[in-house]
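Values quoted throughout were computed directly from the atomic coordinates according to the rules given, and no laboratory measurement underlies them. Quantities reported herein were computed from a predicted structural model and do not represent experimental measurements. For neighbour counting, all protein chains shown are included, and Cβ atoms are generated from backbone atoms with ideal geometry for every residue, glycine included.
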Amino acid sequence: MPDKVITVPGPGRVELVEQDAAELRPGTFRVRTLYSGVSAGTELSYVKGTNPYLNVSWNADLGLFQPGGASTPYPVTRLGYMQVAEVVESATPAVRVGAVGAMTYGHRTGHVADPLAERFVPLPDDLDPLLGVYVAHMGPICANGLLHAGADLYGTDVRGLGDGVRGRRVAVVGSGVVALLTALFARRHGAASVVVLDPTPQRREVAEALGLETLDPEADDPAVVLKTRWAHTAGDRGADVVFQCRGQAWALHLALRLLRPQGTVIDLAFYQAGADAVRLGEEFHHNGLSLRCAQIGRVPRGLAPTWDRERLSADTIDLLRAYGDLIRKHLVSAVVPFEEAPALLTDLAERRRQELQVVLTG
């Protein structure tokens, strides 16, 4: 039976195509997709045509984008990294038939995987399998943000995700999936205060339904509000750490303004249009601030031996056990069949439809 695969043949175009199912080879296993989560930032950048991989070449050895061809030209045939699947055939003793796990193989109804090359994270029986879309990749993205906050304080001696937030005042800029999961991680791991800032009323309502405090950055100046509230010593006011989760210049500028002197912004955003409006000659310079990019491609330097992706996934499962009912009710805004995905992704890219978390069903 052919697999159905979501592809992007060109800007503004999304298609559902059929591909012959791959052969089950010795040492591999076949899965059937149960759920596939949509990552609105990364995936829609391919639909919009704004992802840098479409226009320039990424030199992994140099760590540079360079002209001379695209790393991922159209058609984009692999999209997405938030899959939950059931094993239907197995030619390896490492993975049993009937197991349900989180994976990152893209939006497709079936897949043959090599356990030596691909991650399969078994989901516990007491976890709603739909929430497993966060376990393999999206949750670790957010957990890695807290890990970077811990490394900012303790270097390589980070013992747990709470090390960077426990007892501290935390601001989270943005109220999308990454921001809300990060805020829940911070609350789960002992932050003294967690405030989510987003200009969209509907997004703030979701944050509040999750039990998080919010501020509207377009109302009273939130930097004045939080620096008035969060006092440390004379001339030392503001957030201990800010998690910046919205890929727009104004959001990074706001994040810097919220910090206490010598504080750190942990940046989890993807600035598809750059960040030309960030004013580094103001608070960034005068308050001696720091900016750390917490991109999931790497954990903080020196922590890889003890903080691999499996550990971050385990922390994600712990978070989902604690807040799973609230996340399922308030964060997942649409569950739709694969057949509707092309129209839905196009509508999201063109802003004809607003959703927080879309989950496709196989």
Span from the segment 202-226 Cα centroid across to the segment 39-89 one, whole angstrom = 32
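With the convex hull built on the Cα atoms of segment 224-362, state its orientation-averaged projected area in nm².
Values: hull surface 48.5 nm².
That works out to 12.1 nm².
Would you work out the relative contact order for segment 218-319, in percent, from Cα pairs under 8 angstrom that are 6 or more residues apart?
21
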GNM of the chain, Cα pairs under 10 angstrom: of 181, 116, 64, the biggest fluctuation goes to 64
Sequence-distant aspartates and glutamates (8 or more away, or on other chains) whose Cα lies within less than 16 Å of residue 227 = 213, 216, 236, 240, 283
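Volume per residue, Å³, of the convex hull around the alpha-carbon atoms of segment 278-338? Display every interim value, and only then the final one.
Numbers: hull volume 13.2 nm³, N = 61.
Taking only Cα atoms, segment 278-338 has a hull volume of 217 Å³ per residue.
Using the crude model of +1 on Lys and Arg Cβ and -1 on Asp and Glu Cβ, and no other charge, please compute the dipole size for segment 88-140 relative to its Cα centre, in debye to 20.
Values: 3 positive and 6 negative charges, 30 e Å.
Computed charge dipole of segment 88-140: roughly 140 debye.
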Please report, in debye to the nearest 20, how large the charge dipole of segment 292-362 is about its Cα centre when each Lys and Arg carries +1 at its beta carbon and each Asp and Glu carries -1 there.
-> 360
What is the calculated FRET efficiency for residue 354 to residue 249, with r their C-beta to C-beta distance and R₀ = 25 Å, to the nearest 0.05?
-> 0.70
per DSSP, antiparallel bridges as share of beta bridges in segment 200-324, % nearest 5, sits at 20
Among beta bridges assigned by DSSP with both residues in segment 128-256, the antiparallel ones amount in percent, to the nearest 5, to 20
Filtered hits (lysines, Cα-Cα < 26 Å from residue 4, offset >= 8 within chain) -> 48
Rounded to the nearest 500, what is the 222 nm mean residue ellipticity of the chain from helices alone, with -39500 (n - 2.57) per DSSP H run of 4+ residues and division by all residues?
-> -8000 deg cm²/dmol
Relative contact order in percent for the chain (Cα pairs under 8 Å, 6+ apart) equals 18
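Can you give the percent of C-alpha pairs in segment 37-128 whose distance is more than 19 Å?
Numbers: 2272 of 4186 pairs.
That tail contains 54 percent of the Cα-Cα pairs.
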Go through 75, 336, 210 and say which Cα lies farthest out towards the positive end of the charge dipole of the chain; charges sit on Cβ, +1 for Lys and Arg, -1 for Asp and Glu.
-> 210
Expected-Rg normalisation [2.2 N^0.38 Å, Cα atoms] applied to segment 84-200 = 1.29
Cα-only radius of gyration and Dmax that characterise segment 25-75, units Å = 15.6, 41
Exposed trypsin sites (Lys or Arg not before Pro) absent: longest stretch of the chain, with sites in DSSP loops and at most 13 other Cβ within 10 Å deemed exposed | 160-278
Virtual spin-label span in nm between residue 234 and residue 340, 7 Å along Cα→Cβ | 6.2
Value of relative contact order over segment 140-264, rounded to a whole percent, pairs C-alpha under 8 Å and six or more apart | 24
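Suppose every K and R has +1 on its Cβ and every D and E has -1 on its Cβ; what is the size of the dipole of the chain about the Cα centre, in Debye to the nearest 20?
Values: 36 positive and 41 negative charges, 117 e Å.
Dipole magnitude for the chain comes out near 560 debye.
How big is the antiparallel share of DSSP beta bridges in the chain, given as a percent to the nearest 5? List each step's numbers first, then the result.
Details: 34 of 59 bridges.
DSSP beta bridges in the chain are roughly 60 percent antiparallel.
Based on the inverse mean of 1/r over its pairs of different Cα atoms, what is the Kirkwood hydrodynamic radius of segment 140-293, in Å? If you can, show how the numbers build up before the last one.
On the way: mean 1/r = 0.0661 Å⁻¹.
Every distinct Cα pair counted, the radius reaches 15.1 Å.
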Tell me, Kirkwood radius of the chain from alpha-carbon pair distances, in Å?
-> 21.3
If each of residue 94 and residue 127 carries a label point 7 Å out from its Cα toward its Cβ, how far apart are those two points in nm?
-> 1.9
